[in-house]
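Here is the structure we will look at, set down as C-alpha cells.
The values are calculated or read from the model by the stated rules, or taken from the named source; none is laboratory data. Every value quoted in this text rests on a predicted model; they were computed, and no experiment measured them. Note: ideal-geometry Cβ built from the backbone for every residue, glycine included; neighbour counts use all protein chains shown. The accessibility values were calculated without ligands, DNA or RNA, using every heavy atom of the protein model including side chains. Shrake-Rupley method; radii C 1.70, N 1.55, O 1.52, S 1.80 Å.
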Amino acid sequence: MITAWLPAENIRIVESVSDWKHAIWLSAQPLLAKKAITENYIQSIFDSHQKLGPYYVLAPGLAMPHARPEQGAIKNGLSLLHIKQGVHFETDENDPVYVVIMLCALSGDEHIKMITALANIFSDDERLPELLKAATLEEIQTVINRE
C-alpha cells in the first residue's frame, strides 16, 4: 500500500540542508512536480509551524509535515527526504531529523489510512532505526516494503 503512495521517484537523499524550511521545501518537490499539492500546501505547513511549533516531528530523527486537505492537497501522496547530516526543527527531544516524510491526503479517511500504514514502520523498534540510517534508495525501499 505504501509503495502506491511513495514510488521511488518520490524518495530523495541529500547530504545536508540549510534549515528546516529547506527540508520541507525539498520534501515537497516530488509532490509539487506530480501536482499532488500546491505551493499553498507548503506555506500552510510553514504557517502552522510558526503558530504551533514543530508538531509534525513525531519521534527522534523523524518528521512528517502535512497540512489539511483544503490547504492545497490535490491528490493523495507521500514523499520522503533523507538528510544524511540531519537538520534541526527546533524540537529539543527529537532533533536532529534525518527523515522527512511529507503526506498529502484528500480526506480525513485517506489521511488515517496513510498514517496507519506508516505507523507500522514508525512503531517498529527495528525498522525505524534502519530507515533513519538508510543511505541509499534501495535501503530505504527495503525498509518501507518489509511487512
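Miscellaneous remarks
- In terms of its alpha-carbon gyration tensor, the stretch 8-72 comes out oblate; a/c meets the 1.5 threshold, while b/c is at least as large as a/b.
- Under 5 Å between amide hydrogens, built in the peptide plane, is the criterion, and for LEU58 it picks out ALA63, MET64 among residues at least 5 positions away or on other chains.
- Length released on extending from GLU93 to GLU139, taking residue separation times 0.36 nm less the Cα-Cα span: 14.0 nm
- Relative contact order [Cα under 8 Å, 6+ residues apart], the stretch 2-145, whole percent: 29
- For the cross-link pairs LYS21/LYS84; LYS35/LYS113; LYS51/LYS113; LYS34/LYS133; LYS51/LYS84; LYS75/LYS113, the ones whose C-alpha atoms lie over 24 Å apart are LYS51/LYS113; LYS34/LYS133; LYS51/LYS84.
- If you take the Cα centroid of the stretch 1-34 and the Cα centroid of the stretch 102-119, the two points sit 16 Å apart.
- Overall, the accessible surface of the stretch 22-147 at a probe of 1.4 angstrom is composed of carbon and sulfur to the extent of 52 percent.
- Cα-centred dipole magnitude for the chain, charges only on beta-carbon of K, R (+1) and D, E (-1), debye, nearest 20: 480
- Bridge type composition, the chain - antiparallel percent by DSSP, nearest 5: 60
- The convex hull of the Cα atoms of the chain, projected and averaged over all directions, covers 7.7 nm².
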